[in-house]
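> Here it is: the structure, laid out below.
The values are calculated or read from the model by the stated rules, or taken from the named source; none is laboratory data. Values in this document were obtained by computation on a predicted structure and should not be read as measured data. Note that we place each Cβ from the backbone using ideal geometry, even for glycine, and neighbour counts take in every protein chain shown.
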C-alpha cells in the first residue's frame, strides 16, 4: 500500500493513476464511516464511494477525510486590503468608524487596480483558501470596468481574470457577475468611486453569455444583483427571469441597520420582505448576510418563516461581519424555521472555514448566552452539524455538484493531519469538534479538487510562483497610491 496521507510522517501523494483514495475514516452525508474507498474518473467526478472496503494494493491511504468546504461569498480583490483598514479615525469624512467608512476606503483602493493585478491577487487568495480547506468559491464580482468607468474591449475581462486565477490555483469556481446600477434606494445616481462597478441587466447577461462556453466541472456561471441599494426590484426580476434556468443568484441584503432603515423609509418594508414581495425567491437564491432579518415575529407569516420556506440559503460571513461591525445573524430562529446556511469569507480578513464556523457558533453563544446553539435533535455534535450544514448550503448556493463524498459529485476532499496532537487518537465522532473548536493550527494537510491534488503536506503545489506574482501586484498598488 502507498504511504498514508495525513499521518505524522511526511506523505507521498499518490499518482493520478489509479484515481483512488482509501480512507480509514471518512465523513459521508450520514456521518463518519470506516474503511471507505473513493474512486474518481479522469474528469474529476467521484464514480464510486464504497464503505467497508478492503484497502486495495497500490492505493494511497488517508486516516481522516472530509468533503472540502464551499466558500459561498468572495470579493477576491479585497484580499489585498486585509489589515490595512484597522486604524481608528476616518480621514475621508471624519465619521465614526463603520461599515460605511470602510466602504469609502475600499472604493479608493479599487480605483486603480488593473486586470493583471486582480488575477494575481485572486490566485493568491485561492491558494490561501485551498490550504485552509475551501475547495470551491463563489466570486461576487463587481469590479468590472476600467479606472475611467469604461468597459474593457471584452466586457468580461476582469471576470475572465478571476476564472484564470481559479484555474491556476485549482479551486472550483462559481462566477457571479454583478448587477450594479444605483448608489442608494430610490435609484440614486452612482458616485464617482462606483463607476467601475456599473452594469445593467443586459450587460450582466452579456457577460454571462460570454463566459458560458467555459462552464465545466470546475466552473459555473450565475449572476448577482449587488443589493436593493444598487439595483431596483424591476431590474432584479428581469435578471432572474432572463438568466438560464437553474443558475445561482446571490444578493447582499439586510447587512446593516442603516440599510434596513433606508429601505423602510423608501419602500415601507424591511429589505427581505420587500425583495420577497417583488421577486420569486427560490432555491437558486443566496441571501448574503441577512444579518438584520426581522425576528420580532416567528409565526408562519414571519420574515424568517417566509424566507426559510423559499429554500433560499443564508450566506453568512462571520469574520467579515465582525470586522465591519455588522451584527449577529439570528441563527437559532433561522434553524428552527428549517432555514439553510453556508459560509463565506467575503472581504478575506480570514481564509479559513474553521474560523468562520467558530465565529458563527461563538457569536450565537454570546448573543443567546448559552452553549452549543448550532445543533438539532438528530445531530447533537456542534462541529459536525456546522460542517455538514455549511456543506449543504454552500453546495446549493454554488450551483455545482459539490458538498459531499458521494458518487456523481466532484472529487473535492480534505485529508486532515491525523498525527497532530489535537487529532492523534481522537475518535472520528469528535474530530470536527476538535478541528473547529480547539487551537489555531491549520490541521488541513492535503487537498484534492476535481480529482487533482493541489495541496500536499500543507503546501500548495504552485504557491511560490503565485506568491511572487501577488507580491509584485501589491508593490505596484503601493507605488500607484504613493
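> Provide a single number: the residues in segment 345-355 that are assigned to a helix (DSSP H, G or I) and surrounded by fewer than 23 Cβ atoms within 10 Å (Cβ to Cβ).
Residues that pass the stated criteria total 1.
> Only one residue in 34, 128, 97 is more than 20 Å from residue 255 (Cβ to Cβ) and more than 24 Å from the chain's Cα centre (by Cα), so which one is that?
None of the others qualify; the one that does is 34.
> Could you figure out which of (1) buried (at least 22 other Cβ atoms within 10 Å of the Cβ); (2) assigned to a helix (DSSP H, G or I); (3) touching a residue at least 40 places away in the same chain (Cβ under 8 Å) isn't true of residue 315?
All conditions pass for residue 315, except number (2).
> Could you tell me how many of the residues in segment 178-197 are in contact with a strand residue (DSSP E or B) (Cβ under 6 Å, 6 or more places away or on another chain) and without any contact (Cβ under 8 Å) to a residue 60 or more places away in the chain?
Adding up the residues that qualify gives 3.
> While we're here: Select from segment 445-465 the residues that are more than 19 Å from residue 404 (Cα to Cα), out of contact with any strand residue (DSSP E or B) (no Cβ under 7 Å at 6 or more places or on another chain) and surrounded by 15 or more Cβ atoms within 10 Å (Cβ to Cβ) and list them in ascending order.
463
> Is it fair to say residue 149 is loosely packed, with under 15 Cβ neighbours inside 10 Å, touching a residue at least 12 places away in the same chain (Cβ under 8 Å) and in a loop (DSSP other than H, G, I, E, B)? Lay out the reasoning, then the answer.
Values: loosely packed, with under 15 Cβ neighbours inside 10 Å: yes; touching a residue at least 12 places away in the same chain (Cβ under 8 Å): yes; in a loop (DSSP other than H, G, I, E, B): yes.
Yes.
> So, one more: Please pick out the residue among 425, 408 that is surrounded by fewer than 18 Cβ atoms within 10 Å (Cβ to Cβ), out of contact with any strand residue (DSSP E or B) (no Cβ under 9 Å at 6 or more places or on another chain) and at positive phi. Break it down into steps so the answer makes sense when it comes.
Numbers: 408 fails: out of contact with any strand residue (DSSP E or B) (no Cβ under 9 Å at 6 or more places or on another chain).
Just a single option satisfies the conditions, and that option is 425.
> Take residue 117 and decide whether it is closer than 30 Å to residue 354 by Cα, in the same structural domain as residue 228 (by TED's automatic domain parsing), at pLDDT 95 or above and over 20 Å from the mean Cα position of the chain (by Cα).
yes
> Same structure, new question: Among the numbered conditions (1) in contact (Cβ under 8 Å) with a residue 12 or more places away in the chain; (2) over 26 Å from residue 28 (Cα atoms); (3) assigned to a helix (DSSP H, G or I), tell me where residue 335 comes up short.
Failing condition for residue 335: (2).
> Would you confirm whether or not segment 211-219 contains a residue that is assigned to a helix (DSSP H, G or I) and touching a residue at least 60 places away in the same chain (Cβ under 8 Å)?
So far as segment 211-219 goes, no, none of its residues is assigned to a helix (DSSP H, G or I) and touching a residue at least 60 places away in the same chain (Cβ under 8 Å).
> So, in segment 78-100, of the ones that are modelled with pLDDT of 70 or more and not in a loop (DSSP other than H, G, I, E, B), which residue ends up surrounded by the fewest Cβ atoms within 10 Å (Cβ to Cβ)?
Going through the qualifying residues, I end up with 99.
> Would you point out which residue out of 254, 265, 276 is closer than 30 Å to residue 135 by Cβ, assigned by TED's automatic domain parsing to the domain that holds residue 370 and in contact (Cβ under 8 Å) with a residue 12 or more places away in the chain?
When all the criteria are applied, what remains is 254.
> Might you let me know whether segment 50-61 holds any residue that is outside any strand (DSSP E or B), surrounded by 16 or more Cβ atoms within 10 Å (Cβ to Cβ) and on the phi > 0 side of the Ramachandran plot?
Going residue by residue through segment 50-61, those that are outside any strand (DSSP E or B) are 51-60.
This time we only want the ones that are surrounded by 16 or more Cβ atoms within 10 Å (Cβ to Cβ), so: 53, 59-60.
Those left that are additionally on the phi > 0 side of the Ramachandran plot: none.
No, the conditions are met nowhere in segment 50-61.
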